[in-house]
Amino acid sequence: MLGFQGGSIRNSVAILLGFAIAALAAAAEGAAVQDLERSVASFASAGKYREASSAAYQLAEAHRRAGDTARACAALSQSLEYYRKANAGEEPAASSLRDSSDGMADIRARFGCK
């Protein structure tokens, strides 16, 4: 009887520990998203569009990992817009998230964008 109770207690502790770890991971991911959102805004307001594009792409990845497709696609579109601004003087960036190129189709598929 004692063996059954000990195993049951260990299983319960393991399950509770698993929930606690998952909650901590979700909180850390949420904090990372907030940091990235602040970084995007800060870089963009300073005119550092290359950095803003990179941070927005990382934000899109974070939203994709969290399963938030709409926000991932919005951040991805924002990343592309900042990329265009960063390269405006160097090269024309004719592509957009909605264009029909194979590269954009691959990116849309990766993030689940329509």
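Odds and ends about this structure:
- The residue 88 and residue 42 beta-carbon pair, evaluated with R₀ = 22 Å, returns a calculated FRET efficiency of approximately 0.65.
- Computed E for residue 102/residue 31 - FRET, C-beta separation, R0 25 angstrom, nearest 0.05: 0.10
The numbers here are math on the coordinates, done by the rules we state, and not lab data. Keep in mind it's a predicted model, so treat the numbers as computed, not measured. Glycine also receives a Cβ, built like all others from the backbone with ideal geometry; neighbour counts cover every protein chain displayed.
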